[in-house]
Structure formats: C-alpha cells, structure tokens
Amino acid sequence: MNNEKDQLTIIHELNRKGIENRMHSAIKKRQYHQLAIKMAKGLSGDASIHSARYYELGHAYAHLMLVNKNFLTKTYPFLRTIYCTWKSLRFNPKNDRALYLAGAIALVLKQRKRAKGFFNQALLTNPNNLNAYKSLATLLYEERAFGQATALIQKALKVNARSQPSRRRQIELAALYMKMDESVVIRVKKHETV
C-alpha cells in the first residue's frame, strides 16, 4: 500500500510538471500526462487510494485535453475526465480536488450554477483549495458580484501558500482583485459623468 501511495505522489508530480512548467513544449506536456495516465491505470490497490487514483487520472486527462489542439483529439480525454472525476467522488465525496475538477467540467459544459456549487463544496471540504477560490472568484467577477468576489479573494489571500502553484494562484487572485477594483472605479466614473 505504501508503494502505491509513493506512486500516486509520482503521478501527481508528473501531472504538475505537465501543467506548471511553461517552458515545456506541448509534446513534452503530453508525454508527462500520458505517463501519469499509464502509471495510474497500473495501480490496483485497496479502496483507500481509489479516490486519489481516479482524481489523478481525471486530472491527467483534463490537461491532456487542454494540450490537444483539435476537437477530435479533445473529446476522448474530456469524456475520460468526466468518468474519472465521477469515480473519484463516488469513492470519496469529500475529495476537494475532485470537487474542484467537477466544477471545472461543469464550466466547460456551461453549467455555471452547478460549477459554483462544486467550488463551494470544495471550499467547505478544504478551505485552503486555492484553485476553487480562483474559479469561484472569477465566476463571481463575471457575474458582477464584486462584493462576494472581494470577500472570497481576501479569504484566499490569507491561505498559507506552501507551493509554487499555490503562490501563483494567489498572485492570479490578487490580479483579479486589482482588475475588479479597476472595473468598479471605471463604473463609478462613468456614473458621475452621466
């Protein structure tokens, strides 16, 4: 079992390398995700790792979809992302990363209300999930719910970001906050001139 947890850590790192390293070509990123998928499929293990295994599979398929250029090569990874996320949540309905991924899937399917529900669930399960904060704050910003988005961003900026990707999410949230502040100022100035 410990060996399988070590393998899950390696799979997670492969997925992270395929996402975070902006210097890699699309081919290299695709190779990272394909290797992560191959390794995750090779795990059988006990039920305690199934949720994490399916999350990592769904995560790899989601990013494989993003790397692929044309519609036909995006379809299969997208369907696998949906399936693996569903399986992950079936094994552990409180897997905050799988809940975030379910929200991202809902966004792709243009189901904004459902996406917000998944992001909120992810934050209830893990109040440190910066991906969920960023996605939910972005949705609120797009809906012009600036007060709610501001409160959410302020909460997210208080999270202790330990990793490079987490710090990047906080920077993105701070940039959204500044963009939102700019929107509010421009709206007020337009209102004053009328």
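Does residue 138 meet the test of being on the phi < 0 side of the Ramachandran plot, surrounded by fewer than 21 Cβ atoms within 10 Å (Cβ to Cβ), under 13 Å from the mean Cα position of the chain (by Cα) and of a type outside the set (A, V, I, L, M, F, W, C)? First the steps, then the outcome.
Values: on the phi < 0 side of the Ramachandran plot: yes; surrounded by fewer than 21 Cβ atoms within 10 Å (Cβ to Cβ): yes; under 13 Å from the mean Cα position of the chain (by Cα): yes; of a type outside the set (A, V, I, L, M, F, W, C): yes.
So residue 138 passes the test.
Against the condition over 26 Å from residue 168 (Cα atoms), at pLDDT below 90 and either touching an Asp or Glu at 6+ places or on another chain (Cβ under 9 Å) or not in a loop (DSSP other than H, G, I, E, B) (or both), how does residue 41 come out, does it pass? Steps first, please.
On the way: over 26 Å from residue 168 (Cα atoms): yes; at pLDDT below 90: yes; either touching an Asp or Glu at 6+ places or on another chain (Cβ under 9 Å) or not in a loop (DSSP other than H, G, I, E, B) (or both): yes.
In short, yes.
Against the definition (in a helix (DSSP H, G or I), within 26 Å of residue 138 (Cβ to Cβ), more than 17 Å from the chain's Cα centre (by Cα) and not small (Gly, Ala, Ser)), how does residue 75 come out, yes or no? Here the answer is yes, as residue 75 does meet what is asked. Evaluated against (1) of a type outside the set (Gly, Ala, Ser); (2) more than 28 Å from residue 178 (Cβ to Cβ); (3) at pLDDT 95 or above, residue 119 falls short on exactly one condition, (2).
Do you know which of the residues in region 141-164 that are closer than 30 Å to residue 15 by Cα and surrounded by fewer than 13 Cβ atoms within 10 Å (Cβ to Cβ) is modelled with the lowest pLDDT? Lay out the reasoning, then the answer.
Our first condition is that a residue be closer than 30 Å to residue 15 by Cα; within region 141-164, this holds for 141-142, 149, 152-164.
Checking which are surrounded by fewer than 13 Cβ atoms within 10 Å (Cβ to Cβ) leaves us with 142, 154, 158, 160, 162-164.
Values: 142: 92, 154: 91, 158: 91, 160: 90, 162: 85, 163: 81, 164: 78.
Across region 141-164, the extreme among qualifying residues is 164.
Being of a type in the set (Phe, Trp, Tyr) and either more than 19 Å from residue 30 (Cβ to Cβ) or touching a residue at least 40 places away in the same chain (Cβ under 8 Å) (or both) is a property that does not hold for residue 71.
Can you name every residue in region 155-167 that is out of contact with any Ser or Thr (no Cβ under 8 Å at 6 or more places or on another chain) and in contact (Cβ under 8 Å) with a residue 12 or more places away in the chain? Walk me through it before giving the result.
At the first step, the residues of region 155-167 found to be out of contact with any Ser or Thr (no Cβ under 8 Å at 6 or more places or on another chain) are 155-158, 160-167.
Hits for region 155-167 are 155, 156, 157, 160, 161, 164, 165, 166.
Within region 67-77, can one find any residue that is farther than 27 Å from residue 128 by Cα and of a type in the set (Lys, Arg)? Yes: region 67-77 contains one or more residues that are farther than 27 Å from residue 128 by Cα and of a type in the set (Lys, Arg).
Report whether or not residue 80 is basic (Lys, Arg), in contact (Cβ under 8 Å) with a residue 24 or more places away in the chain and part of a helix (DSSP H, G or I). For residue 80, the condition - basic (Lys, Arg), in contact (Cβ under 8 Å) with a residue 24 or more places away in the chain and part of a helix (DSSP H, G or I) - is not met. Which ones in region 94-125 are out of contact with any Leu (no Cβ under 8 Å at 6 or more places or on another chain), over 20 Å from residue 149 (Cβ atoms) and not charged (D, E, K, R)? Within region 94-125, 101, 105, 108, 109 meet the criteria. Hey, any hits in region 18-27 for a residue that's farther than 17 Å from residue 101 by Cα, over 15 Å from the mean Cα position of the chain (by Cα) and at pLDDT 85 or above? No, because not a single residue in region 18-27 is farther than 17 Å from residue 101 by Cα, over 15 Å from the mean Cα position of the chain (by Cα) and at pLDDT 85 or above.
Scan 76, 55 and give me the residue that is hydroxyl-bearing (Ser, Thr, Tyr) and surrounded by 22 or more Cβ atoms within 10 Å (Cβ to Cβ). Step through it out loud before you land on a result.
Numbers: 76 fails: surrounded by 22 or more Cβ atoms within 10 Å (Cβ to Cβ).
Of 76, 55, the one residue that is hydroxyl-bearing (Ser, Thr, Tyr) and surrounded by 22 or more Cβ atoms within 10 Å (Cβ to Cβ) is 55.
The values are calculated or read from the model by the stated rules, or taken from the named source; none is laboratory data. Just so we're clear, the structure is a prediction, and the values are computed from it rather than from any experiment. We place every Cβ from the backbone using ideal geometry, glycine too, and count neighbours over all the protein chains shown.
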